[in-house]
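The values are calculated or read from the model by the stated rules, or taken from the named source; none is laboratory data. Everything numeric here is computed off the predicted structure, so don't read it as measured data. Because the Cβ atoms are built from the backbone with ideal geometry, glycine has one as well, and the counts that use them run over all protein chains shown.
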There are 2 protein chains.
Amino acid sequence: MPRKVTSFDVARLAGVSQPTVSRALRNLPGTSPGTRERVLEAARELAYVTSDRGRSLSMRSTQRIAIVSEELTNPYYPELVEPLRRELAHRGYRTVLVADHADGNPVGLDALTDGSYDGVILTTTRRRSPLPRDLTERGVPHVLANRLLDQPEASCCGIDNAAGARQVSDLLAALGHERIGVIQGPVDTSTGKERAEGLAAGLRGRGIGVRRELTRQAPYTHDAGRAAAHELLRLGRPPTAIVCGNDVVALGVLSAARERGISVPVDLTVIGFDDIPMAGWPLVALTTVHCDLQALARMTVELLMDRLENPDRAPVERRIRPSLVLRGTHAAVRGDGRVPPPAAVS
Amino acid sequence: MPRKVTSFDVARLAGVSQPTVSRALRNLPGTSPGTRERVLEAARELAYVTSDRGRSLSMRSTQRIAIVSEELTNPYYPELVEPLRRELAHRGYRTVLVADHADGNPVGLDALTDGSYDGVILTTTRRRSPLPRDLTERGVPHVLANRLLDQPEASCCGIDNAAGARQVSDLLAALGHERIGVIQGPVDTSTGKERAEGLAAGLRGRGIGVRRELTRQAPYTHDAGRAAAHELLRLGRPPTAIVCGNDVVALGVLSAARERGISVPVDLTVIGFDDIPMAGWPLVALTTVHCDLQALARMTVELLMDRLENPDRAPVERRIRPSLVLRGTHAAVRGDGRVPPPAAVS
DNA sequence: GGCTTTTGTGTATACGTATACCTGTCAACA
DNA sequence: TGTTGACAGGTATACGTATACACAAAAGCC
């Protein structure tokens with residue numbers, strides 16, 4: 001087993017000193033073309049790769065960004081992480097995913113502050129999470145993506161959830177729905193709170209009230225959405241439409257409807273939020289609110305770069321405007337007229 | 001902005017030398033209880049966190065394992081990564097996800113050999129990928145999970161795909177299907193090859209032939225499965241059952257069937273492979289082959305630990321046995337008798 | 001109470017790279 | 001031809017931790 005090859009080995013083979021190797025390999029000025037060529041040749045021959053540990057220690061920078069997220073089994077987050085990764089790679093940073101709740105314990109603050117990362121992107125932060133403040137105190141640059149804090153302690157980039165919810169309420173009003181069920185997300189998340197409040201406000205503006213007995217709260221999972229939907233659908237007078245905290249919950253509602261033999265959209269309208277790819281599959285054809293995660297990622301990374309360069313600047317907040325996507329799970333309330341056809345044959 | 005606090009700062013505050021701090025914080029023998037207490041107190045007061053860069057450089061070990069995988073937007077991989085992460089965390093390792101094809105280029109070999117990781121787990125390797133050999137040459141311990149190589153160059157842990165495919169063929173034969181469509185995975189993946197061959201062998205054993213005109217090949221995506229299914233379903237005599245390379249492809253087939261107004265399972269039986277969580281949703285209720293990814297992860301990590309401790313031992317191969325899961329997308333061929341009911345109401 | 005053995009802690013150094021600084025060479029210029 | 005300056009490349013050191021080794025003090029032994 002050959003010992004790991006270092007820049008000293010390359011230097012010896014090329015007949016130069018170690019710093020010259022460092023300069024030549026990075027194309028810094030102050031190296032003659034001939035020497036540079038000899039160094040490159042030697043490095044190639046030895047299959048030399050610069051040690052990330054040595055470089056990081058010496059440069060006081062790892063060129064790595066941590067993305068903190070709940071388990072990736074929620075299909076929304078890979079969709080958010082991928083454009084973030086791409087955007088960061090484009091700027092020369094590697095991305096590292098850090099699980100939010102490793103085996104039940106909250107995220108290890110130490111793991112984020114041990115110098116492994118130049119910055120942190122938080123994606124599943126709760127409204128009152130102490131994590132951003134902790135990171136600030138320890139001097140780790142960070143921004144929030146997707147979710148926001150109650151207090152503007154950090155720069156953040158989110159979706160304009162109120163605007164999205166308003167579009168949903170406009171659609172439901174236009175379709176004549178009045179008994180509207182709501183399965184909102186967790187209230188300790190900004191998305192859960194903003195979407196629920198935006199929907200209530202939008203419906204109120206159309207003269208429609210949201211009734212407490214038709215409202216449920218569920219974490220962002222299929223099973224929670226399914227369970228909540230069963231509760232609503234077995235009521236004496238079930239809702240004619242169910243608005244969900246996000247798409248995954250909406251998929252749970254569709255599962256519940258399937259189990260009860262309720263036809264969507266004929267007997268029940270279901271609306272999601274996020275527009276994950278699955279929502280666009282003909283099998284699902286979910287009417288939902290589309291969020292441009294490319295734009296969200298671009299803006300988030302921009303904000304992070306700003307934090308890295310100007311750590312003391314005041315935090316800012318940005319919003320991406322979403323748009324309604326009409327697919328196959330909405331229809332006018334029964335007896336009210338025509339029903340849109342299901343997805344067309346391609 | 002306070003300068004990053006080091007073990008020297010802690011040492012000064014505690015009135016000891018830097019090495020004593022190192023020893024005390026790690027509970028090494030050779031430190032008196034009184035001194036240890038003073039050091040811990042000082043570390044707490046300064047909110048000291050051991051620098052990962054310094055420790056890694058000094059210890060020649062990062063306690064990090066890289067998991068190389070295609071984009072996480074394929075729902076299978078988060079399901080595999082999560083138990084791997086858990087298993088590795090249990091043994092004191094952090095996990096880092098490395099994208100297989102960052103922006104189109106093959107995975108950066110340098111990124112895996114720059115000393116950032118103590119070992120590598122490859123999850124989406126092709127049958128003839130040069131990556132394992134390269135890693136061996138550069139002395140980076142590694143194992144394969146899920147997929148295998150043609151040449152046994154590395155330790156690996158996979159599913160017994162042939163056994164799973166045989167169970168599928170037994171089921172189809174029992175249901176009376178004879179015109180069987182196959183949408184197999186990429187032939188340059190071991191999973192694609194083994195499942196297709198296993199199915200053909202199993203059916204042949206039951207006196208059923210797999211016809212070339214009913215066979216398609218598709219990458220492991222929903223859209224590819226959907227397109228292939230449309231091809232098969234618009235044939236003059238379409239198949240009565242379609243066996244898919246994996247669940248995601250099967251979901252594409254279900255989408256295509258929905259688009260064409262074909263009823264599953266009455267008019268078409270669809271079989272997947274993997275049993276991703278989505279397959280169990282009542283909305284989908286996919287009949288498929290279940291793979292125990294917990295077991296796969298446990299075995300994989302075991303193999304990797306063995307590589308870390310005995311780098312020169314010969315590679316080994318392990319297989320996890322899968323099992324058929326009967327849900328709602330299979331039925332006896334039409335006109336043959338009774339049809340199993342769809343999923344029951346809960 | 002002299003001897004060895006153990007124990008606690010400090011000193012020196014390694015890990016692999018990057019960079020401030022210094023030196024020597026050579027071209028340009030008067 | 002002596003002076004200046006640019007430039008190539010070497011020397012020394014920093015980054016933050018871990019550990020081999022030295023050394024002094026304390027403890028055990030007769």
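Listing for the model above:
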item	result
Any helices (runs of 4 or more DSSP H) falling wholly within region A:184-275 and containing at least 1 residues that are among the polar types (S, T, N, Q) and touching a residue at least 60 places away in the same chain (Cβ under 8 Å)	A:190-205
Checking A:Y48 against (1) closer than 30 Å to A:G245 by Cβ; (2) part of a loop (DSSP other than H, G, I, E, B), the condition it does not meet	(1)
Test: B:R313 is surrounded by fewer than 20 Cβ atoms within 10 Å (Cβ to Cβ), out of contact with any helix residue (DSSP H, G or I) (no Cβ under 6 Å at 6 or more places or on another chain) and over 24 Å from B:L84 (Cβ atoms)	no
Answer residue from region A:57-84, given it is without any contact (Cβ under 8 Å) to a residue 40 or more places away in the chain and more than 24 Å from A:N246 (Cβ to Cβ) and is farthest from DNA strand D (Cβ to nearest atom) among those	A:M59
Residue within region B:130-145 that is over 30 Å from A:L57 (Cα atoms), modelled with pLDDT of 95 or more and of a type in the set (A, V, I, L, M) present	yes
All positions within region B:2-19 that are more than 7 Å from DNA strand D (Cβ to nearest atom) and surrounded by 13 or more Cβ atoms within 10 Å (Cβ to Cβ)	B:V5, B:D9, B:V10, B:A11, B:R12, B:L13, B:A14, B:V16, B:S17
Some residue of region A:91-112 being within 21 Å of B:P83 (Cβ to Cβ), of a type in the set (G, A, S) and assigned to a loop (DSSP other than H, G, I, E, B)	yes
Given (1) in contact with a helix residue (DSSP H, G or I) (Cβ under 8 Å, 6 or more places away or on another chain); (2) under 21 Å from A:C156 (Cβ atoms), index of the condition A:T62 fails	(2)
Search result, residues across region A:217-240 that are more than 14 Å from every other protein chain (Cβ to nearest Cβ) and small (G, A, S)	A:A218, A:G236
Residue in region A:4-17 that is outside any helix (DSSP H, G or I) and under 30 Å from A:E302 (Cα atoms) present	no
In region B:63-84, the residues that are part of a loop (DSSP other than H, G, I, E, B) and either surrounded by fewer than 18 Cβ atoms within 10 Å (Cβ to Cβ) or at the interface with another protein chain (Cβ under 7 Å from one of its Cβ atoms) (or both)	B:Q63, B:E70, B:E71, B:L72, B:T73, B:P75
Yes/no for A:R55 being more than 7 Å from every other protein chain (Cβ to nearest Cβ), away from DNA strand C (no atom under 14 Å from the Cβ) and under 18 Å from A:T20 (Cβ atoms)	no
Options B:L25, B:L13: the member that is away from DNA strand C (no atom under 12 Å from the Cβ) and within 14 Å of chain A (Cβ to nearest Cβ)	B:L25
Selection count where residues are of a type in the set (A, V, I, L, M) and buried (at least 22 other Cβ atoms within 10 Å of the Cβ), scope region A:181-231	8
Residues of region B:24-34 satisfying the condition of being surrounded by 13 or more Cβ atoms within 10 Å (Cβ to Cβ) and at pLDDT below 95	B:T31
Members of region B:36-52 found to be within 14 Å of chain A (Cβ to nearest Cβ) and of a type in the set (K, R), listed by number	B:R44
Residues satisfying the stated conditions in region A:44-76, i.e. of a type outside the set (D, E, K, R) and more than 30 Å from the chain's Cα centre (by Cα)	A:L46, A:A47, A:Y48, A:V49, A:T50, A:S51, A:G54, A:L57, A:S58, A:M59
Filter result (surrounded by fewer than 16 Cβ atoms within 10 Å (Cβ to Cβ), within 14 Å of chain B (Cβ to nearest Cβ) and either part of a loop (DSSP other than H, G, I, E, B) or touching a Leu at 6+ places or on another chain (Cβ under 8 Å) (or both)) within region A:135-164	A:G139
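Residues checked against (1) within 11 Å of another protein chain (Cβ to nearest Cβ); (2) assigned to a helix (DSSP H, G or I); (3) within 14 Å of DNA strand D (Cβ to nearest atom); (4) among the hydrophobic types (A, V, I, L, M, F, W, C):
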residue: A:V21; (1), (2), (3), (4): no, yes, yes, yes
residue: A:G34; (1), (2), (3), (4): no, yes, yes, no
residue: A:R86; (1), (2), (3), (4): yes, yes, no, no
residue: A:S116; (1), (2), (3), (4): yes, no, yes, no
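To keep it simple, each residue is scored yes or no on (1) closer than 27 Å to B:A145 by Cβ; (2) in the same structural domain as B:L72 (by TED's automatic domain parsing).
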| position | (1), (2) |
| --- | --- |
| B:A196 | yes, no |
| B:G236 | no, no |
| B:D247 | yes, no |
| B:G252 | yes, no |
| B:A257 | no, no |
| B:L268 | no, no |
| B:A297 | yes, yes |
| B:L308 | yes, yes |
| B:P311 | yes, yes |
